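The values are calculated or read from the model by the stated rules, or taken from the named source; none is laboratory data. Everything numeric in this text was worked out from a predicted model, so none of it was measured. Note that each Cβ is placed from the backbone with ideal geometry, even for glycine, and that neighbours are counted across all protein chains shown.
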């Protein structure tokens, strides 16, 4: 009997350990996506997408109203010009969903939830990247290696792609555009340009390492990409010719942030760089806060905020002086955003899901904890 | 890094190294890694076979059979006498199930290693960057790992669509091979009070269900490990002439 109990206990423990490490609708499988419009923050965090009032930090709605095992949200939501909130799911059904915050329903538990304006179920894999809106088209990249072009104005409730372009590899990062071309980065060591009107592939260039972040257009007209081979690569957007312009100490995970002719970015060793696209050199020696940097820096008026995996936010002056600005705790992987005077920070591993700060680092309202 | 995380990192690094050596085939890397694990755990398996053989011999021992009869109605006394004989003959009744139990931490570590090595979510890829302890591995060059093997995506549960029904092929193969392996290694026993035989019988029923459940719900890379490990186990027993094929037949154990 004792042996039986021992066996069953070990079996259950193993099952629990495995289950705990598996996917599914679990917060913390990866980090949340954060976006905002003038009045509302949108947080895609595991099983739900939350809308949070920027006035007081209260929950306005969540989607879905009740947990759905087929839905799992990590990708940064995008707000379209007509007010829809578009977010991709990394759940079983791989759907891209447009929510309509103007059409709210309340369920029996008094949970507000928006109506679904349309869905797109044509992708074969998960959505990690935020889509890009260009005029009346949506350019959405999926882990299945396709760039899907959707028409935002066709009124269809179940979207079909205007065009599905096989880029190949795994596409994790939001596309970038210069108005004429769409630039894509792939985990399979490549950077691609596609014509924004004809969807024709213009060039497809291989680089040394995987790219998990988006490309950035510099004020010099060149395209910059950070890679997991620790290189900052510069591309000619017209031809795709490229060269590495800077070697970091470790993987460059996040999309560099641009301020005039300066690119700010961090690496997984915790170095923060200020790179001048004019001189091709660092403006000052790397600043090293308290942990790896996976979030993009947030450029404020005269300083830059950088979030670290150690759960801290540092403020760095334009001359490279850094100081601790706030410390919500947990791990911060999500890029902080600025809306008006507020700075929003979404850490992982904390009881609260979203923190709002004033410019001086003081908290604007009680950190957001979801309503059950 | 905690000891457990270090353990996982070793698995991840060995998997990545094999993946690199075999031409970026992650399925093949898992199969070779399983063979490596079988080699490392060989002494345990040998101990299991030795323990199983000793238990089998015990069933025909006169003293053993005598106490079974004598204390047939006194289970407590019977257990005491059985323990005495185990002690005297230096037989561990647990030795036959130890290798099975030792599989659990390996299964958990392997599952975490597969998901981490495949880096199929940003957080998994980030964890992978922290798991590199072999300095000769050029991980930025290796990632992303090719997760496709035959018809499977090794980072996801497997099923084949047949007439619109998702048929879990691998889970079935895992359950069958686990059952066969358990049955082949089960010592013959005619004694209804034999706790060891009862334990083996229970394991031969529960393990296929448990591992089949894991195969059904977790990354198919884990199923590749189960199947390879089971087939190697069956081959090992067969080559040593210890496989009890009669156990596979209905009522075969009683013969």
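Residues in region A:187-199 that are touching a strand residue (DSSP E or B) at 6+ places or on another chain (Cβ under 7 Å) and either closer than 18 Å to residue A:140 by Cα or surrounded by fewer than 18 Cβ atoms within 10 Å (Cβ to Cβ) (or both): A:190, A:191, A:192, A:193, A:194, A:195, A:196, A:199.
In this structure, residue B:150 qualifies as surrounded by fewer than 16 Cβ atoms within 10 Å (Cβ to Cβ) and in contact (Cβ under 8 Å) with a residue 60 or more places away in the chain.
Which residue is farthest from residue B:18 (Cα to Cα), if the candidates are limited to region B:107-132 and must be in a loop (DSSP other than H, G, I, E, B) and within 27 Å of the chain's Cα centre (by Cα)? Step by step, filter region B:107-132, then rank; the result is B:120. Please go through region B:95-114 and pick out each residue that is at the interface with another protein chain (Cβ under 8 Å from one of its Cβ atoms) and modelled with pLDDT of 85 or more. If the condition is that a residue be at the interface with another protein chain (Cβ under 8 Å from one of its Cβ atoms) and modelled with pLDDT of 85 or more, then B:108, B:112 are the ones that fit.
Scanning region A:264-302 for residues that are part of a strand (DSSP E or B) and under 18 Å from residue B:130 (Cα atoms) returns a single hit, A:266. Does residue B:23 satisfy being within 13 Å of residue B:145 (Cα to Cα) and surrounded by fewer than 16 Cβ atoms within 10 Å (Cβ to Cβ)? Answer is yes for this residue. Return the residues of region A:179-193 that are within 22 Å of residue A:244 (Cα to Cα) and more than 20 Å from the chain's Cα centre (by Cα); say none if nothing qualifies. Once the filter is applied, which keeps residues that are within 22 Å of residue A:244 (Cα to Cα) and more than 20 Å from the chain's Cα centre (by Cα), region A:179-193 yields A:181, A:193. Applying the selection to region A:194-225, what residues are away from chain B (no Cβ under 12 Å) and under 21 Å from the mean Cα position of the chain (by Cα)? Across region A:194-225, the qualifying residues are A:214, A:215, A:216, A:217, A:218, A:223, A:224, A:225. Remark: pairs (first residue in region B:233-254, closer than 17 Å to residue B:42 by Cβ; second residue modelled with pLDDT under 75 and in a helix (DSSP H, G or I); Cβ separation under 6 Å; 6+ apart in sequence or on different chains) = B:242/B:49.
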